[in-house]
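To start, the structure itself, in structure tokens.
Every number here is computed from the coordinates shown, using simple stated rules; none is lab data. This one's a predicted model, so the numbers in the text were calculated from it and none came from an experiment. Quick reminder, even Gly has a Cβ in these numbers, built from the backbone with ideal geometry, and neighbours come from all protein chains shown.
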Amino acid sequence: MSFAASRLAQVKPSASASVSQAAKEAKARGVDVIDLGLGEPDFDTPGHIKEAAHQAALRGETKYPPTNGTLTMRQAVVDKLRRENDLDFALDEVIVSNGAKQVLFNAFMATLEPGDEVLLCAPYFGQYKDIVTILDGVPVPLICPQEAGFRLMPEQQSKAIAPKTRWILLNQPSNPSGAVYSDDEIKALGAVLADHERVLILSDEIYEHILFDDRVFRSFVAVCPDLQNRTLTVNGVSKAYAMTGWRIGYGAGPKDLIVAMTKVQSQISSGACSIAQAAAAALNGPQEDVRRFCAAFERRRDLVVERVAHIPGLTLEAPGGAFYGLIGCADLIGAKTPDGDTITDDTDVTAYLLKAARVAAVPGSAYDLSPFFRISTAASEEVLNTAMDRIAAAVADLEGIHP
Ligand code: PLP
């Protein structure tokens, strides 16, 4: 007997969580697996943030917070958006939720009618599709190939917009590709959207601080201010401040949308944890740790790009941001493993790497773009070097790699 409602039938468990689960099971069997599956910084939350949580608990901030977020946290978001992103939002245009993920859920639940379409730029964070699907929306992947730098082209976007299109979701720096857009590229996308008033824009900026090669981050609304009245800017503290477990994300957008999202949130969770909000308000505090994390991710990015360049059969162009490497493995398709199995797709590649290299990675199919696999660089340089040694050896053991 199945307990699950029919709406769950199309939603698969998160691919990166499944990979990590497989890695954990192998570890429990005594196999020495390097897990490069999960998208979680390996750093600890900075001390001053923990201290802010401690002090909030001691002050007695232990009651139900306002559903849309504490005044302190919403003010911190308003100040952050002004200081770092050159954006003007009022306190009632901000919502604080249990992670950016809940902001996304609130937004789609508040706005999607059954059958409404949401345009996603593939490769994309797999949960976008699942959230839209669970809410009876229709995810529409727009394939952004490696040749386009994994970026959406304005002509492609223009062709994809249909009468049922309700949202377009943009994410940069991108998980999983690390793609970033120039101001001109964002403007060109914005110019297309200006002609489609029914389409709402969701700009997921959660990796804004993990940006390499001296790039400066520009928020979508800062580049396209005319679209502020139908853009939801989504961000959070998970990635920049190594705070994945605190579950704080936020959204800034038109007041009516925020009110509708708050209505959803009041039924789901009554809002985010008061203590975690007090800690996250430290996003206006010292930023040295954020810069330190970013510098470490950049060194690791360089290391992985350099190592992949010396592995025949694999390709990786330097990602501009985020902490992943989306590694091309087209040349491995059709190759034979030492056990005599044929590699038919990127899921076979990651299964082979888990077995032969003892490295857990996520197949590109999880992001709707194949044949690739994603490794996370949320591991020390030593661990990454060992993982790359193992991957190189496992790939060298394959027969019939097609260059
Ligand atoms: N958006 C993207 C692109 C992500 O990669 C993630 C987490 O992996 C999230 C949103 C969700 O982050 P949070 O921890 O704030 O829910």
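So, in Å, what gap is there between the alpha-carbon centers of the stretch 231-247 and the stretch 267-318?
Using only Cα atoms to place each centre, the spacing works out to 10 Å.
Out of residues 5 or more away from Val359 or on other chains, whose amide H comes under 5 Å of its own, with H placed 1.01 Å from N in the peptide plane?
Placed amide hydrogens put Ile34, Leu354 under 5 Å from Val359.
Using +1 on the beta carbon of Lys and Arg, -1 on that of Asp and Glu, and nothing else charged, what's the dipole of the stretch 47-284 about the Cα centre, debye to 20? It would help to have the intermediate numbers written out before the result.
Values: 22 positive and 27 negative charges, 152 e Å.
Dipole size: approximately 740 debye.
Assign one of three labels to the chain, namely rounded, prolate or oblate, based on the Cα gyration tensor with a ≥ b ≥ c the square roots of its eigenvalues; rounded applies when a/c is under 1.5, prolate when it is not and a/b is larger than b/c, and oblate otherwise.
On the way: a/c = 1.64, a/b = 1.38, b/c = 1.19.
Taking the square roots of the gyration eigenvalues as a ≥ b ≥ c, the chain is prolate.
Just order 362-369, 307-314 by mean Cβ neighbour count inside 10 Å, highest at the front, would you? Present the calculation step by step, with values, prior to reporting the outcome.
Details: 362-369: 24.8, 307-314: 16.6.
Per-residue mean Cβ counts within 10 Å order the peptides as 362-369, 307-314.
Report the full-extension gain for the segment Ala295 to Tyr64: residue separation times 0.36 nm, less the Cα-Cα distance, to one decimal in nm.
Numbers: separation 231, 0.36 × 231 = 83.16 nm, distance 3.79 nm.
Between Ala295 and Tyr64, full extension yields an extra 79.4 nm.
Work from the charge dipole of the stretch 16-150 (Cβ charges, +1 for Lys and Arg, -1 for Asp and Glu, about the Cα centre) and give the residue of Ala22, Leu119, Val140 farthest towards its positive end.
Ala22
Show which aspartates and glutamates lie in cross-link reach of Lys255 when reach means a straight Cα distance below 12 angstrom and same-chain residues fewer than eight apart are skipped.
Partners within reach: Asp92, Glu93.
Considering only DSSP beta bridges with both partners in the stretch 47-284, what is the antiparallel share in %, to the nearest 5?
In the stretch 47-284, approximately 30 percent of DSSP beta bridges are antiparallel ones.
Measuring from label point to label point, each 7 Å out along Cα→Cβ, what is the Val305 to Thr344 span in nm?
About 3.6 nm separates the two model spin labels.
Hey, can you rank 260-267, 226-233, 395-402 by average C-beta count inside 10 Å, highest first? Mind dumping the intermediate values first?
Details: 260-267: 18.0, 226-233: 20.0, 395-402: 14.4.
Output ranking for 260-267, 226-233, 395-402: 226-233, 260-267, 395-402.
Roughly how tilted is helix 381-396, in degrees to the nearest 10 and between 0 and 90, from the longest Cα axis of the chain?
40
Subtracting the Cα-Cα distance from 0.36 nm times the residue separation, let me have the gained length for Glu113 to Asp92 in nm, one decimal. Show your work: numbers first, answer last.
Values: separation 21, 0.36 × 21 = 7.56 nm, distance 2.46 nm.
Roughly 5.1 nm would be gained on extension.
Along the charge dipole of the stretch 288-357, Cβ charges K/R +1 and D/E -1, which of Ile333, Phe323, Ile343 sits furthest on the positive end?
Phe323
Under the rule of at least 5 residues apart or a separate chain, name every residue whose amide H is placed under 5 Å from the amide H of Ala335.
Amide H neighbours of Ala335: Ile343.
What's the ranking of 47-55, 202-210 by average number of surrounding C-beta atoms within 10 Å, highest first?
Top to bottom by mean Cβ count within 10 Å: 202-210, 47-55.
Report the relative contact order of the stretch 47-284, percent, no decimals, based on alpha-carbon pairs under 8 angstrom and at least 6 residues apart.
32
What net charge do the residues around Asp116 carry, taking every other residue with its C-beta under 12 Å from that of Asp116, with Lys and Arg at +1 and Asp and Glu at -1?
Numbers: positive: Lys164, Arg166, Arg198; negative: Glu113, Glu117, Asp136.
Its environment carries a net charge of 0.
Using Cα pairs closer than 8 Å and at least 6 residues apart in sequence, work out the relative contact order for the chain, in percent.
Values: 782 pairs, mean separation 91.4, N = 403.
Worked out over the chain, it gives 23 percent.
What is the stretch 47-284 by shape, rounded, prolate or oblate, if you read a ≥ b ≥ c off the alpha carbon gyration tensor as root eigenvalues and call it rounded for a/c under 1.5, prolate for a/b larger than b/c, and oblate otherwise? It would help to have the intermediate numbers written out before the result.
Details: a/c = 1.89, a/b = 1.48, b/c = 1.28.
Prolate.
How far apart, in nanometres, would the label points at Arg82 and Asp226 be if each is projected 7 angstrom from Cα along the Cα-to-Cβ direction?
Distance between the two pseudo-spin positions: 2.7 nm.
Once R0 is set to 35 Å, what does the formula 1/(1 + (r/R0)^6) return for the Cβ-Cβ distance between Asp44 and Ala148, expressed as a FRET efficiency to the nearest 0.05? Don't jump to the answer; show the numbers that get you there.
Details: r = 37 Å, r/R0 = 1.07.
Plugging the Cβ-Cβ distance into 1/(1 + (r/R0)^6) gives 0.40.
Relative to the first principal axis of the alpha-carbon coordinates of the chain, what is the inclination of helix 99-111, with its axis defined by its Cα atoms, in degrees from 0 to 90 and to the nearest 10?
Roughly 70 degrees, rounded to the nearest 10.
Under a Cβ-only charge scheme (Lys and Arg +1, Asp and Glu -1), can you give me the dipole magnitude of the chain about the Cα centre, in debye to the nearest 20?
Details: 38 positive and 51 negative charges, 236 e Å.
Charge dipole, the chain, about its Cα centre: 1140 debye, nearest 20.
Going by Cα centres, the stretch 139-185 and the stretch 1-37 are how many Å apart?
28
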